[in-house]
Amino acid sequence: MVLPAVLDPWAASALYEAAALAAKHPGSKLWLVALGPKAKLQQVMMTVAQKVAFELVPVDGPIGGFPDAHATAAALASAIESIPGLDRAQLLLFGGWESASRGAGVTLQQLGERLGIADQFFGVDQIDLRPDGSFEVLERVEGGKHQVSVCAGAPAVLGWATGNLPEPRNNPQIGMSNMRTIMPTLQRAKTATLDANSLQYVSVSLPKQQRETRVEKNMSPDEIAAELVAWIGENS
Amino acid sequence: MESIFVLTHADESGSALTKHSLEAVTAGRELAARLNALLTIGIVAADAHRAASAVMHAGPRLLAVQGEAFAQPRFASDAAACEALCRAAQATIVLAPQSSRFARVMAAVAHRLGGLIDTHITALGGADSVEATRWFYRQRIEAVVTRIARPWFLLLDSGTHAAFAGEAGNAPVDEIAIAVELPALRTEVTGIRAPKQDEQTIRPDAKLLFVAGAGWTKKQPDGQVHVDEAGRLILAFLRASGASLGSSKSLVDQGGEGNSVLSFLTHLNQVGQTGSTPRHAKGLSTCCHGEEPHVVGWRFIGERRAISLDANCGWTRGKADVVYIADAFQVMAKVNELLKS
């Protein structure tokens, strides 16, 4: 059984935040650059394309936790450089700060570096764009806090964490409008072959931890509370 | 032959290395000893002289970048600093803490040096080569990887090595400081935003992690939702115990879906595959399903207990040490009474 493909959760947050930002600023344009096997991309677009309006730039290539992040960044950079009419001086490059598949936090940063973008932010939860083009951005840092920075403006890379927006509801009108261009674009997707970049797996194992769980079904709340308080106080 | 370079940075004071940085120093010393390799320590700090004193005797060679521009955790200046340090060190293996500051720049620095990078490393091994251990969360596996390409950058997760604690000394800054050519700086860090002290529920240094699951906001045996009472019980427990608060994804997502929510919870509290990976000594889960996308975030929690009404929840299947099949509202009320007395 193969599970259905989904857009990476942090990448999805990035997409919805980008769409919200574009909606507030007339004249903005939103592209979604996505790498994956064509059949999986088509499946993902069935849901994502109903959420927000965008132009798809697909790259036919492998996905998952094991393809190399450096090679993925190179393929995505090539796709972005090929977008006709893209004004890179005005580019805000949004993506997930990590992926759920690989969890490396490497791809977007190297992509920004390849595109020569000198202002990068990661673990982003909020951006507030100002009339003069500058923006204030909140990034997650240690201890449950946010670092607040002000950037003079685009170009910039923003690697999103969750952000603050809920997932948009499905909008069939947007879906139909998107799919008119998405389907032919998918057919023309260029193929990317990703170099392994000398990565070798010495060993792979399942997590060793399996605890012998004591399940208590007959203790009263008082007894449980007393045991928990004693446990909390141990070695404190 | 390998040569090891450990990159470190100062904390918000600008003049003391972070604990996480000192853990990376330990990792570098161990690796250098195992491979009989040259070790260099690099420092990024506003005041490198004071920051370097903690690692004066950690390795044979120290390099530093210092100045006001490096007081701020900022991509452009930190990347330039780390690039300059790496070029000066000419090492084959670069270790650095996976702090938010260095996670922001290190992949870019690796690209500038023509190197490769792997992140979230939890262990370093190999008899006469370098092997790095990392988790692949979604795949539920732990892998040991190696690369022959050099330089190879490795970002180390916190809590995986003891923090280096050596004799302090006076660092000859003039001898160790190197020049950095800064690009135009278009970003300014203006501050830190944190919940007010009494509302801060995320406590990385607490002994106990308390996780609240979506069950707190579901209908209770009386057919009613008791969100206010849930909030009071949870906050009272956090105040009494000093625990840190975590949450399942489903609970924090409820805020975006218009359901009853616990107002003090944000996505920053989320633990799990798309949340944080806390490292507290003990964890107590309440009203949470204990399924793998959440539990994967618990892999560094030492002792685990759970309270759930579901005798078939994930916690009972080897994920926790003890599971109490009970009503968390009743149990936590009693716990709070005992802690208060």
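Bear in mind these aren't lab numbers, they're just calculated from the coordinates by the rules spelled out. Not measured: the values here are computed from a predicted model. Virtual Cβ from ideal backbone geometry, glycine too; neighbours counted across all protein chains shown.
Okay, here's what the table says:
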| read-out | value |
| --- | --- |
| Computed [θ] at 222 nm, deg cm²/dmol, chain A (DSSP H ≥ 4; -39,500 (n - 2.57); rounded to nearest 500) | -10500 deg cm²/dmol |
| Prolate/oblate/rounded label for region B:197-340 (Cα gyration tensor, a/c 1.5) | rounded |
| With Cα atoms, 0 to 90° folded angle of helix A:38-48 axis to chain A main axis | 80 degrees |
| Förster-model FRET efficiency, 41 Å R0, A:TYR201 and B:LYS340, C-beta, rounded to 0.05 | 0.20 |
| Unit charges on C-beta of K, R, D, E only; dipole of the protein assembly as shown, Debye | 1020 debye |
| Those trypsin sites (Lys or Arg not before Pro) in region A:108-194 that DSSP places in a loop and that have at most 11 other beta carbons within 10 Å | A:ARG169, A:ARG188 |
| Nearest-20 debye value, region B:89-166 charge dipole, Cβ charges on Lys, Arg, Asp, Glu | 320 debye |
| Assigned charges on the beta-carbon of Lys, Arg, Asp, Glu; region B:220-341 dipole about Cα centre (debye) | 540 debye |
| Relative contact order [Cα under 8 Å, 6+ residues apart], chain B, whole percent | 14 percent |
| Label-point gap, in nm, between A:LYS24 and B:LEU182 - each point 7 angstrom along Cα→Cβ | 3.0 nm |
| Peptide-level mean, for A:108-119, of C-beta atoms on other protein chains within 10 Å | 5 |
| Calculated [θ] (222 nm, deg cm²/dmol) that DSSP helices of n ≥ 4 give over chain B, each run adding -39,500 (n - 2.57) | -7500 deg cm²/dmol |
| Sites excluded, GluC sites (Glu not before Pro) in DSSP loops with at most 16 other C-beta within 10 Å, longest stretch of chain A | A:1-141 |
| Angle between chain B longest axis and helix B:227-241 axis [Cα atoms, degrees, rounded to 10] | 50 degrees |
| FRET efficiency for B:GLU68 and A:ASP128, using Cβ-Cβ distance with R0 set to 22 Å, rounded to 0.05 | 0.25 |
| DSSP bridge orientation in the protein assembly as shown - percent antiparallel, rounded to nearest 5 | 35 percent |
| Between region B:1-73 and region A:158-223, the alpha-carbon center distance in angstrom | 35 Å |
